[in-house]
Amino acid sequence: TRAEIFTGTDGVYELAAGVPHRSVEAVRVPDKERGVVARAGVSGGTWVDVWLPSLSADDGISRVAPIAHGGELLGLVVVTRSSQSSAFSDDDDRVLTELARQVGLALHNVQLDSALQASLRELQQTNVELQESRRRIVTAGDAERRKLERNLHDGAQQHLVAMAVKLRIAEDLIDEQ
């Protein structure tokens, strides 16, 4: 009668998709319980009542499959049948387990892609900062070079020209005597 996928992080899992669509509150799984839920496998009945009471089905028979990757709980797959329907079979549980495994892999890949995109943005920002820093260093170096050229032109060159003139005068004086 109902199939839902909850996804999230940090113990808060919101309804990402559901048939039929309905509005439900986020499922909260405390830190200490996340590992238990992630490793539980497909569960139902009393287990759901104890560990995930917000997912207990008042209107039918529910099965919950944790979406996990690397021991991290990424979400939950919840399916519900009417109370008049037959109980879930082992084949049903295997299908739910495989579905949760594949969704877990997909969500993990999305997380990796998001992390990669964030790293790329950081590298691009660092590259921009390095280019700006290089530009400042080159500008500062050019300014110092121009300052040295100006000082040489205005200072040392003037003194050298003055000394050359004085030497010629001294030479002329020596030649006259």
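The values are calculated or read from the model by the stated rules, or taken from the named source; none is laboratory data. The structure displayed is predicted, hence computed values, not measured ones. Note that we place each Cβ from the backbone using ideal geometry, even for glycine, and neighbour counts take in every protein chain shown. The area values use the complete protein model at the heavy-atom level, side chains included, leaving out ligands, DNA and RNA. Shrake-Rupley method; radii C 1.70, N 1.55, O 1.52, S 1.80 Å.
Remark: C-alpha extents of region 53-137 on the principal axes read 77, 24, 17 Å, sorted largest to smallest. Placing unit charges on the Cβ atoms of the charged side chains and taking the dipole of region 74-137 about its Cα centre, the candidate lying farthest along the positive direction among GLN84, HIS108, LEU123 is LEU123. When both region 23-60 and region 86-141 are represented by their alpha-carbon centers, they are found 27 Å apart.
Taking the empirical scaling 2.2 N^0.38 Å for compact globular proteins as reference, region 114-177 has a Cα radius of gyration ratio of 2.51.
Go ahead and set up a Gaussian network model of the chain, Cα springs under 10 Å, then flag whichever of ALA40, ALA87, ALA162 fluctuates most. Highest fluctuation of the listed residues: ALA162.
Let me check I've understood the local charge: for LEU55, count other residues with C-beta under 15 angstrom from its C-beta, Lys and Arg +1, Asp and Glu -1. What total comes out? Local charge sum for LEU55: -1. The residue list ASN151, GLY44, GLY60 was ranked by how far each Cα lies along the charge dipole of region 39-172 toward its positive end, using unit charges on Cβ atoms, and ASN151 comes out on top. The helix-based estimate of mean residue ellipticity at 222 nm for the chain, built from -39,500 (n - 2.57) per DSSP H run of four or more residues and divided by its residue count, is -19500 deg cm²/dmol to the nearest 500. What would the Debye formula give as log10 I(q)/I(0) at q = 0.08, 0.11 Å⁻¹ for the alpha-carbon point model of the chain, no solvent? Results for the chain at q = 0.08, 0.11 Å⁻¹ read -0.47, -0.64. Ordering LYS32, LYS166, LYS147 by accessible surface, largest first, gives LYS32, LYS166, LYS147; the 1.4 Å probe counts only protein heavy atoms, with every chain in place. Under the convention that each Lys and Arg Cβ holds +1 and each Asp and Glu Cβ holds -1, the size of the dipole of the chain around its Cα centre is about 80 debye.
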